[in-house]
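A.B. asks: I have a structure I would like to understand better, so I am pasting it below and will then ask my questions one at a time.
Every number here is computed from the coordinates shown, using simple stated rules; none is lab data. The structure displayed is predicted, hence computed values, not measured ones. Note: ideal-geometry Cβ built from the backbone for every residue, glycine included; neighbour counts use all protein chains shown.
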Amino acid sequence: MKYSLSNKRTIDKLLSDAGFTFKKSLGQNFLTDPYVCPEMAAAAADSETGVIEIGPGIGVLTVELAEIAKKVIAVELDERLRPILAKTLADYPNASVIFSDVLKLDLKKLIEDEFKDCKRVTICANLPYYITSPIIMSLLESRLNVESITVMVQKEAAERLCAEIPSREVGAVTLAAAFYAERELLFEVPRESFTPSPNVDSAVIQFKIKQSVETKVKNEKTLFRLIRGAFEHRRKTLVNSASASGVVSKEKLTSALVELEIPLTVRAEQLSLEQFAVLADKIDD
Ligand code: SAM
């Protein structure tokens with residue numbers, strides 16, 4: 001049987017039959033807008049794609065992905081959703097669920113073991129907002145063999161992740177995302193599109209993973225430590241913020257900036273990723 005999984009009455013019935021109540025602590029806001037999931041699925045997959053979904057909830061996005069993709073594996077933390085997902089995914093033999101914390105799962109191994117027969121692998125999810133950044137950063141940093149990541153996040157996080165560099169909207173996470181991927185904000189989703197309705201709007205973003213690193217740097221760890229330190233105290237200059245956070249001494253950073261002819265008053269948000277990389281190389285000298 002196929003369910004209208006974005007229909008509020010269907011959602012209420014499925015949840016009440018299973019005695020399920022929402023857990024705010026798990027970021028459980030389920031989509032009720034029928035247009036969002038088909039659009040996300042179309043942006044993330046085709047018939048030769050294997051998709052990893054994070055947090056399927058009752059399966060509203062999972063079924064749209066399963067309609068289009070070759071194979072879908074969803075990772076859900078909340079075991080209470082098991083009987084509901086068994087019902088809603090019953091007609092989709094190409095979709096399955098692993099009950100686990102996505103941050104503890106070996107996704108590299110999952111991709112190697114489960115998607116051998118797929119031409120490409122992508123990630124698609126309406127992310128639990130309480131762990132958006134850790135999930136996105138761990139997906140990017142672990143250099144998974146995936147082509148793209150299409151996710152719904154809080155609108156504010158979407159704007160920061162996709163901000164133009166340099167600009168006032170940039171944060172450490174913007175530069176990290178830009179290091180690994182081409183970034184695009186696809187569309188916005190108002191708060192009324194969920195049950196229960198969160199108190200923020202959302203947006204769907206897409207990262208197309210760069211197949212080779214464009215930003216040349218001797219030591220990526222130094223680059224990311226410098227970026228984190230530079231943004232730790234946003235109101236301070238880059239020199240003061242990075243030295244206060246203990247990443248590098250004030251003297252070393254000052255002489256590197258002078259050598260590169262960058263004003264000492266510069267703030268982190270005013271530098272490009274390439275300038276950060278050159279600075280990181282100087283610090284490592
Ligand atoms: N995909 C559904 C939708 O669009 O309606 C539900 C999205 S809801 C915003 C987030 C989902 O992530 C919930 O089902 C929640 O239980 C699940 N979740 C929360 N933390 C998780 C984690 N660490 N690992 C995997 N799933 C998680």
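A.B. asks: Express the relative contact order of segment 220-284 as a whole percentage, based on alpha carbon pairs under 8 Å and six or more residues apart in sequence. Don't skip to the answer; put the middle values down first.
C.D. replies: Details: 73 pairs, mean separation 24.1, N = 65.
RCO, segment 220-284: 37 percent.
A.B. asks: Also, quick follow-up: Among Ala158, Ala176, Leu103, which residue has its Cα positioned farthest towards the positive end of the charge dipole of segment 8-209, with +1 placed on the Cβ of Lys and Arg, -1 on the Cβ of Asp and Glu, and the dipole taken about the Cα centre?
C.D. replies: The Cα lying farthest towards the positive end belongs to Leu103.
A.B. asks: Moving to a separate point now. Which peptide among 155-165, 63-73, 135-145 comes first, and what is the full order, when sorted by highest mean count of other Cβ atoms within 10 Å? Can you show the working numbers first?
C.D. replies: Details: 155-165: 18.7, 63-73: 22.5, 135-145: 16.5.
Ranking the peptides 155-165, 63-73, 135-145 by packing returns 63-73, 155-165, 135-145.
A.B. asks: Now a separate question. With label points built 7 Å along Cα→Cβ from the Cα atoms of Asn240 and Asn145, find their separation and express it in nm.
C.D. replies: 4.9 nm
A.B. asks: Still on this structure, please answer the following. Give me the net charge of Lys2's neighbourhood, meaning all other residues with Cβ under 15 Å from the Cβ of Lys2; Lys, Arg count +1, Asp, Glu -1.
C.D. replies: -1
A.B. asks: Could you tell me how far the Cα centroid of segment 229-285 sits from the Cα centroid of segment 157-191, in Å?
C.D. replies: Taking the Cα centre of segment 229-285 as reference, the centre of segment 157-191 is 21 Å away.
A.B. asks: Given the convex hull over the Cα atoms of segment 80-180, what projected area results after averaging over all orientations, in nm²? Don't jump to the answer; show the numbers that get you there.
C.D. replies: Numbers: hull surface 31.2 nm².
Computed as one quarter of the Cα hull surface, the answer is 7.8 nm².
A.B. asks: Work out how far the C-alpha atoms of the chain reach from end to end along every principal axis, then list the three figures in whole Å, largest first.
C.D. replies: Ordered largest first, the chain gives principal extents of 68, 41, 28 Å.
A.B. asks: Determine Rg/Rh for segment 31-81; Rg is computed over alpha-carbon atoms and Rh is the Kirkwood hydrodynamic estimate from the same atoms. Spell out each step's value before the answer.
C.D. replies: Numbers: Rg = 10.6 Å, Rh = 11.0 Å.
Using Cα coordinates only, the ratio equals 0.96.
A.B. asks: Find how much the distance from Asp101 to Tyr130 grows on full extension, using 0.36 nm per residue of separation minus their present alpha carbon separation; answer in nm with one decimal.
C.D. replies: Numbers: separation 29, 0.36 × 29 = 10.44 nm, distance 1.32 nm.
Residue separation times 0.36 nm, minus the Cα-Cα distance, leaves 9.1 nm.
A.B. asks: Which FRET efficiency, nearest 0.05, do Lys116 and Arg80 yield, Cβ-Cβ r, R0 35 Å? Provide the component values of the computation, followed by the final result.
C.D. replies: Working: r = 32 Å, r/R0 = 0.91.
For Lys116 and Arg80, the calculated efficiency is 0.65.
A.B. asks: A further question on this structure: Near Asp117, within a Cβ-to-Cβ distance under 11 Å, what is the net charge of the other residues, with Lys and Arg +1 and Asp and Glu -1? Intermediate results must be reported in sequence, preceding the final value.
C.D. replies: Details: positive: Lys70, Lys71, Lys116, Lys119; negative: Glu48, Glu114.
Neighbour charge sum, excluding Asp117 itself: +2.
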